[in-house]
Structure formats: C-alpha cells, structure tokens
Amino acid sequence: MIDVARYLQRIGYDGPTAPNAETLRRVHLAHMRTVPFENLSVRSGEPIVLDEEKLFEKIVLRRRGGFCYELNGLFAALLENLGFRVARLAGRVGVEGIPFDHMALQVDLDEQWLADVGFGDSFVVPLRLASREPQEGGCGRRYRIDAHEDGLLLVREEPEGWKRQYLFTLDAWPLSAFAGGCRYHQTSPKSGFTQKTVVSRATDTGRITLTGRRLIVTAQGKRTETDLDDQALSRALREEFGIDPSLATAF
C-alpha cells in the first residue's frame with residue numbers, strides 16, 4: 001500500500017478524490033505540473049526497480065521524478081487506491097522501438113480514458129480513448145488517437161502535420177512485465193535515456209526543460225533557450241524542479 005495522503009501532498013492536490021472523470025483530470029494535471037520527467041537515475045547509475053514501495057520512496061518521499069515506467073507505474077497505484085480501475089498498457093515509441101518501450105494507462109469510468117504522466121512533453125489532461133477526433137491535450141495542443149493495424153497510434157498536431165507519439169495496444173499488463181524495457185533503457189547505448197540528461201515538467205503556460213545544460217522555457221507558444229553554468233544549473237534543479245542540486249553531476 002502507498003500513503004495516498006502523502007502522494008497527493010507531493011503533487012499539491014487537495015481537491016475531491018471521488019473516482020470520476022473530473023478527479024482524474026485534475027489529479028493528472030497536478031502530477032504533470034509537479035513531478036518532473038527525468039532520467040537522472042539512469043545517468044548517475046542509480047538502479048531503478050519497478051516496485052511500488054521503492055517508487056513511492058523515490059518520487060514522493062525523496063521528491064524526485066522518473067521516466068515512464070516509474071511515473072505511470074506509481075500513478076497507476078495512486079489511482080487504484082482512489083478507487084479507479086486502471087490497466088497498464090505497453091507502447092512503442094519509435095517504429096523500431098523495443099517491446100514494452102513505453103507504459104501508458106487506461107482508466108475505465110463511464111467511458112475509457114488514456115492517461116500518461118510519463119511521456120515528458122505530452123498531453124497534460126487525459127484523452128478519450130474511444131474518440132478518433134482531435135482532442136485538446138492542454139496549452140492549446142491537439143492530439144488524436146488513430147486506429148492502426150497493430151493497435152492504436154497517438155499522434156500530436158505540429159505545424160508540419162500530425163506527428164507520431166507512440167503506438168500502443170489495449171492489452172493489460174502487470175508492472176513486472178515492464179522490467180525488461182526498464183532495464184534496457186537504463187543500460188543500452190541505443191536508448192536515448194543513456195545518451196543525454198533531461199529534466200522536464202509542465203507549467204501553467206507551457207513547459208520547462210533542462211536538456212543537457214540548456215534550459216528551455218516554452219510559455220504561450222514562445223520558446224526561450226539559455227545555456228547554464230554550474231551554479232545556474234544547480235539553481236535550476238532546485239528552484240524549477242525541486243531536485244537536490246548535488247544531482248547536477250549527472251549532466
């Protein structure tokens with residue numbers, strides 16, 4: 001069991017918790033704006049174990065973030081403890097991606113929803129899983145879930161057209177099924193997570209991201225980039241992401 005009250009405090013949420021679509025939307029949004037998507041464990045050699053208690057200790061008690069297996073793995077546990085019905089779904093990001101390349105969540109209410117707090121720069125409010133029409137994903141960005149011969153394909157509207165996010169199926173899997181994918185992304189030189197450090201979270205008006213030593217801020221569709229020295233990097237980790245500045249050594 002996880003401590004639901006401490007988890008909700010971690011994401012700054014003190015609203016209603018009845019298992020309905022409005023609660024799901026509000027908790028999802030709070031999570032995206034508070035808990036960063038980050039690969040500091042991978043880059044610093046800290047092992048990642050897909051165990052709910054260990055994930056709770058890292059993300060809630062140590063106020064860290066993580067990547068999809070960690071963030072969606074723990075978020076699924078929170079939703080289940082609040083009374084939601086949740087299925088862990090396997091996705092594939094690139095066309096040549098590995099099996100269990102990504103974890104997303106299906107939440108069953110009066111209708112089915114796609115939830116995902118672990119894909120970095122992505123929708124900040126859940127999407128209707130049955131709809132094939134464009135949907136608002138927050139901050140004026142539109143997403144669509146298309147039928148595909150191998151399942152369902154999440155795409156996002158870009159100036160040049162609709163861009164693939166990930167392919168997924170509606171098969172439900174236990175958290176343990178993602179252990180191989182998690183291990184691959186911690187160790188393989190082919191994984192983007194082993195190649196470059198990233199820390200990112202949604203904001204009220206867009207997103208703030210550290211990629212390498214570059215701070216990227218997107219607000220109301222406008223983007224600014226700043227290269228950081230050691231002092232500024234440590235300050236950004238602490239002030240923008242709530243992360244211990246000692247982890248700047250992962251950059």
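Please treat every number below as a calculation from the coordinates, not as lab data. Small disclaimer: the values here were computed from a predicted structure and weren't measured. Here the Cβ is made from the backbone with ideal geometry for all residues, glycine too, and neighbour counts use every protein chain on show.
Take Arg26, project a point 7 Å from its Cα along the Cβ direction, then tell me which residues of the stretch 125-160 have their backbone nitrogen under 18 Å from it.
Residues 125-127 fall inside that zone.
Mean-square fluctuation check for the chain, GNM, Cα pairs under 10 Å: which of Ala115, Ala104, Ala147 is largest?
Sorting by GNM fluctuation, first place goes to Ala147.
Put +1 on the Cβ of every Lys and Arg and -1 on every Asp and Glu Cβ in the stretch 108-251; which of Gly161, Thr209, Tyr143 then has its Cα farthest towards the positive end of the dipole?
Result: Thr209.
Mind telling me which of Lys54, Lys190, Lys163 comes out most flexible in a GNM of the chain, alpha-carbon contacts under 10 Å?
Evaluated over the chain, the most mobile residue of the options is Lys190.
[x] 1.28; [y] 1.01; [z] 0.95: which one is Cα Rg over 2.2 N^0.38 Å as calculated from this entry?
Given [x] 1.28; [y] 1.01; [z] 0.95, the structure-derived one carries the label [z].
What ranking do Tyr184, Tyr7 get, fewest neighbouring Cβ atoms within 10 angstrom at the top?
Tyr184, Tyr7
Quote the FRET efficiency, to the nearest 0.05, computed for Asp150 versus Ser44 with a Förster distance R0 of 45 Å and r equal to the Cβ-Cβ distance.
0.80
In a Gaussian network model over the chain where Cα atoms closer than 10 Å are linked, find which of Val42, Val95, Val217 has the largest mean-square fluctuation.
Val95
List the relative contact order of the chain as a percent without decimals, with contacts defined as Cα pairs under 8 Å and 6+ residues apart.
Relative contact order, the chain: 18 percent.
Taking the Cβ-Cβ separation of Gln195 and Ala18 as r and a Förster radius of 51 Å, what is the calculated FRET efficiency to the nearest 0.05?
The value I calculate is 0.75.
Assign unit charges at the C-beta atoms only (+1 for Lys and Arg, -1 for Asp and Glu), then state the dipole size of the stretch 4-250 relative to its Cα centre in Debye, rounded to the nearest 20.
The calculation lands at about 480 debye.
Please compute the contact order of the stretch 176-239 in relative form: average sequence separation of alpha-carbon pairs under 8 Å and at least six residues apart, divided by the residue count, as a percent.
Relative contact order for the stretch 176-239 comes out at 16 percent.
Which FRET efficiency value, to the nearest 0.05, do you get for Gln9 and Asp230 by plugging their Cβ-Cβ distance into 1/(1 + (r/R0)^6) with R0 = 25 Å?
For Gln9 and Asp230, the calculated efficiency is 0.20.
Amide H of Gln112 versus every other amide H placed in the peptide plane: which residues, excluding those fewer than 5 positions away on the same chain, fall under 5 Å?
Long-range HN contacts for Gln112: Leu129, Ala130.
Note down the relative contact order for the stretch 1-111 as a percent, whole number, built from C-alpha pairs under 8 angstrom at least six residues apart.
Reported relative contact order: 25 percent.
Among residues other than Val217 whose Cβ falls under 15 Å from its Cβ, what is the net charge (Lys/Arg +1, Asp/Glu -1)?
+2
Just how far, in whole angstrom, is the stretch 150-208 from the stretch 57-127 if you go by their alpha carbon centroids?
Computed from Cα coordinates, the inter-centre distance equals 10 Å.
Run the simple label-point estimate for Arg213 and Asp108 please: 7 Å along Cα→C-beta, distance reported in nm.
5.1 nm
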